[in-house]
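Read through the structure below, which is laid out as structure tokens, and then see the notes.
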Amino acid sequence: MLASLALAALIQVPSPSMQELSPGTRYDPEIPTLEQVVGHDFQDQVTPPDQIVRYMEALAEAAPDRTHLIRYATSWEGRPLVAMVIGTPERIAGLDAVIEDLERLADPRGASETELEAVLERVPVVTALMHSVHGNEITPAGAAMAEAYHLLAAQGDPDVDLVLERSLIIIDPIENPDGRQRFVMQNTMAQARWPDPDPYSAEHDEPWPGGRVNHYLFDLNRDLFIQSQVETQGKVAEVFRRFWPHVVVDLHEMGGNSTFFFPPTAPPSNPWFGERQIALMDVFGEANARAFDARGFPYFNRDVYDLFYPGYVDMWPMSHGAIGMTYEQASPRALLYQQEDGNVLSYGKGVLQNFTAAITTMVTAATNRERILSDYLAFRQEGVELGEDGPAEYLLHSAQDPGLSERLARLLVKNGIEVRTPSGEVRVNGRTLPERGTFIVPMAQPAHRFIRDLLDDHVPMEESFVQRQIDRRANRESSEIYDLTAWSQSLLWDVEVVVADRPTGAAGELLSEERRPTGDARLPHAHVGYLMPWGTNAAAAVAEALREGITVRAAGESFVLLGRRFAVGTAIVRTAENGPDLVDRLGEIAQRHGAEVVPIDDSYVREGTSLGSSSVRALREPRVLLVYDEPGSVYSTGWTRYVLERRYGQRTTAVRASSLGRVILSDYDVIVFPSGNYGSAVGNGLQSRIESWVRDGGTLITMAQSTAWAARAGLLSTASERRGGRDPETDPPNEGTPDQPIDYLDEIVPDDESPEDVPGAILRVRLDADHWLASGTDGEIGALVDGRRVFTPLTLDAGTNVGRYGEGDDLVLSGIVWEEAKPQLANKAFLMHEPMGRGQVIAFAEDPNYRAYTEATMLLFMNAVLLGPGR
């Protein structure tokens, strides 16, 4: 505690010029101020996350009849995440009944009109204010504490009285405590005697990875529907899906030379959001504008920040019918910041402006309670109606990897979507789908729009907006596309969605969020051993089995046994090679991961490779080195580490790039370079050592920008192309023929450019299904492509192009790919395997672990890690 106070004391700014948060307001002395609890005021210091939680606990202790403090998660580094519910004593005392009413509005099926009218009459509008999802966005969390104090301590304030009378308020003060703690530590270390406003000073210049991200270096504001991170999982389950808020604001920071942003937003808008929701944004925008004008605060809207990608904190509730809004405050990124116009932005000013916008939002929501609630109910009812008029059911099915369809189905449940197990075989559209690996999503449900948003192949952008991007590209102006243009989970997971126009009649019980193993996990005794068909569940099970010392082999080719074809990669666990407790150990592991296990008493194969053939390789727990720190991409490094450690349970050693030269490379089987340009970190001497290590049997894995680096360094026999397919090493720019008349438009195009940018689209990848790297797939997947990378295919004498992009009309599965880019991308390499001595280089053109929701390419990556060593 004393150490935390001492740390905070260093990050302090003088306050004589500070404006009051709420001029003239009288406060109840029984409610503690922040200064009384931790030693500084709201606008004075960047409060560390432990002190934020301690203050919220102090407020809850001082006003137990008006607050309900939820500890909704614990971060990867062990820090609590809390949200405070504030309401009248009557509402807090009857909170369970309020929650029942909120659930009834969220799912009005079966309720009479009279019942719904009664609920609308008594239920409060729920306004949730979320703060600092990026840990280095510091002022929103400061404002959050002031907001809670103001609601609990203000006396005789008509706005506060109105808010409490008509609302239930939820305040999440710090969504990313691990990132904030990292920022506070680094900022404190860099501080001068006096706060330095120079943007280039050390206190504004965060070292890698910065405080924006959480422990696994994820952008938590892109994690909402995938819920890979514990912070997000708790927020969705314990806040969003318990209280079903009607207004959600996520308070952020942006560049220090800006002002303050609040909606209305820039185009494009997601077509699955409701028109009423978007119209209400203007009501909140006008209210915030009046409040900011009254206090002389500059602001802007309808620029930069759009309403398209559904994975943001505010867009998850928006997908369920709430009004979701992002507010952005110019960031001081310390206590003072010298702006380009000569003004000095202070931390306290940022707190004040966030506080003003938050309080205004609460008041506006309370004032418009009836309209907001009725619009929300209409959105939820329309979801049911859309399912009655359109497709009746979506059926999730995966023939090659049933574990993936189950995992996707359970993810939908975590997103507030109803999914049912089939009661038996499902007959649909002339097909019969097996019970195993098939799940039914009824479309006549309130979350109909969200289902379409997550599972449909394509979510269209407004044509006028797309045309404007085409015009801007012609003039080499920057794109206005803010994030991805495609995110279809069915395509990225390689799970088929079968559309049923009429109910199949096979919908059975509701599916739960988590797998609940039932029955005895003990396997039946098998004289020869056990087979596990390869897939995501089997890969995770094998990773644990190897970790636990179980001997596992993998088939290098397909074979037929027991009248069933087993594909390349099938795991083979022989009884004779493992102890007598194998039936228990392997059974528990398989049950935990949902992996299929087939016992065999006879290994005589009549078609395909024999189980004792040289193509069947013994696996060992790979010793994996992950290159960490600069110059690697922060996100790519985090995604890769998460997929290895958490998604698949693979032990991994993270080594800073600057320390690679000191590593005994022979201690490792696999070295993974996340996306990044490693030319500055890997000199000629270290590169020679890496090449020798590969030749001695090592597996080197690169992705995206590290693949471009490997190609330039000569570690890989491909080239990173320039625009038009030109090889920069062998094909110089065209110098033209000046003796002929010029075409103006052709003349102003640069001679040498990077390939056309692909703004986050899903492209078809055709795989060599017989290659072990493609194990667990059906030979074709969707890959997320985001950037300007194009790689020439390997020649036959250099290696194998295990995955290549489609061509023509088969290239683009979802999203926007500019017409000029398609010819250059067609048939280009996505996944390359190049043998080198007894080892190999495995290279991905894009990041296979993107945001941890590209399950199909994540499996390819794990194939490289688990199946690669020893080949």
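The values are calculated or read from the model by the stated rules, or taken from the named source; none is laboratory data. Please read these numbers as outputs of a predicted model, since none were measured by experiment. Glycine gets a Cβ as well: all are built from the backbone with ideal geometry, and neighbour counts include every protein chain shown. Ligands, DNA and RNA are stripped out before the accessible areas are found, and what is left, the full protein with its side chains, is counted by its heavy atoms. Shrake-Rupley method; radii C 1.70, N 1.55, O 1.52, S 1.80 Å.
Expected output is a single nm value to one decimal: the length gained when fully extending between GLU463 and ARG646, i.e. 0.36 nm times separation in residues minus the C-alpha distance. What is it? Could the numbers behind the result be given before it?
On the way: separation 183, 0.36 × 183 = 65.88 nm, distance 4.04 nm.
Full extension from GLU463 to ARG646 adds 61.8 nm.
What share of the DSSP beta bridges in the chain is antiparallel, in percent to the nearest 5?
If we restrict to bridges inside the chain, about 65 percent are antiparallel.
Between GLN155 and ALA618, what length comes free when the chain is fully extended (0.36 nm per residue of separation minus the Cα-Cα distance, one decimal in nm)? Provide the component values of the computation, followed by the final result.
Values: separation 463, 0.36 × 463 = 166.68 nm, distance 7.31 nm.
Here the segment from GLN155 to ALA618 would lengthen by 159.4 nm.
Share of the range 270-364's accessible area from carbon and sulfur, percent, 1.4 Å?
48 percent
Quickly rank 326-335, 644-653 as a protection proxy: mean count of other C-beta atoms within 10 Å, highest first. Working shown, then result.
Values: 326-335: 25.9, 644-653: 18.4.
The densest-packed peptide leads the list: 326-335, 644-653.
Where Lys and Arg each count +1 and Asp and Glu each count -1, what net charge lies around ARG522 among other residues with Cβ under 13 Å from its Cβ?
Here the charged neighbours net out to -3.
Given a 1.4 Å probe and every protein chain left where it sits, what share in percent of the accessible area of the range 366-451 is carbon and sulfur?
44 percent
Summing +1 for each Lys or Arg and -1 for each Asp or Glu, what net charge is found among the other residues whose Cβ lies under 14 Å from the Cβ of PRO446?
Residues near PRO446 contribute -2 overall.
Helix 49-62 versus the longest principal axis of the chain: what angle, 0 to 90°, nearest 10, using Cα atoms?
Rounded to the nearest ten degrees, it is 50.
Please list the radius of gyration and Dmax for the range 256-296, considering alpha-carbon atoms only, with Å as the unit.
According to the Cα coordinates of the range 256-296, Rg and Dmax are 12.5, 37 Å.
What's the ranking of 374-387, 226-239 by average number of surrounding C-beta atoms within 10 Å, highest first? Show your work: numbers first, answer last.
On the way: 374-387: 19.5, 226-239: 21.5.
Ranking, from highest mean packing down: 226-239, 374-387.
What accessible area per residue, rounded to a whole number of Å², is obtained for the range 189-230 using a probe radius of 1.4 Å?
It amounts to 42 Å² per residue over the range 189-230.
Compare the Cα positions of LEU102, ALA657, VAL384 along the charge dipole of the chain (+1 at Cβ of Lys, Arg; -1 at Cβ of Asp, Glu; about the Cα centre) and return the one farthest towards the positive end.
ALA657
I'd like the accessible area for SER603, computed on protein heavy atoms only with a 1.4 Å probe and all protein chains in place. Round to 10 Å², please.
We get 40 Å² for SER603.
Let me have the 222 nm mean residue ellipticity of the chain computed from DSSP H runs of 4+ only, each contributing -39500 (n - 2.57), with the sum over all residues rounded to the nearest 500.
It comes out at -9500 deg cm²/dmol, rounded to the nearest 500.
Provide the per residue accessible area, probe 1.4 Å, for the range 430-496, rounded to a whole number of square angstrom. All intermediate terms of the calculation are to be shown ahead of the outcome.
Working: 2700 Å² over 67 residues.
On a per-residue basis, the range 430-496 sits at 40 Å².
What is the sum of charges around VAL384, taking Lys and Arg as +1, Asp and Glu as -1, for the other residues whose C-beta is under 13 Å from the C-beta of VAL384?
Its environment carries a net charge of -3.
I need the peptides 345-352, 283-290 ranked by packing, meaning the mean over residues of other C-beta atoms within 10 angstrom, with the highest value on top.
Working: 345-352: 25.1, 283-290: 17.5.
Descending packing order for the listed peptides: 345-352, 283-290.
Set the Förster radius R0 to 45 Å, insert the Cβ-Cβ distance between ILE99 and GLU753 as r into 1/(1 + (r/R0)^6), and round the FRET efficiency to 0.05.
0.20
What's the angle, to the nearest 10 degrees (0 to 90), between helix 855-867's Cα axis and the longest principal axis of the chain?
The angle comes out at about 50 degrees.
Report the accessible area of PHE42, computed with a 1.4 Å probe over the heavy atoms of all protein chains in place, in Å² rounded to the nearest 10.
Counting only protein heavy atoms, the figure is 10 Å².
Express the accessible area of the range 637-697 per residue in Å², computed with a 1.4 Å probe while the remaining protein chains stay in the model.
Counting only protein heavy atoms, the per-residue value for the range 637-697 is 42 Å².
With a point put 7 Å past each Cα toward its Cβ, work out how far GLN36 is from ARG295 in nm, to one decimal.
Each label point is offset 7 Å from its Cα along the Cβ direction, giving 2.3 nm.
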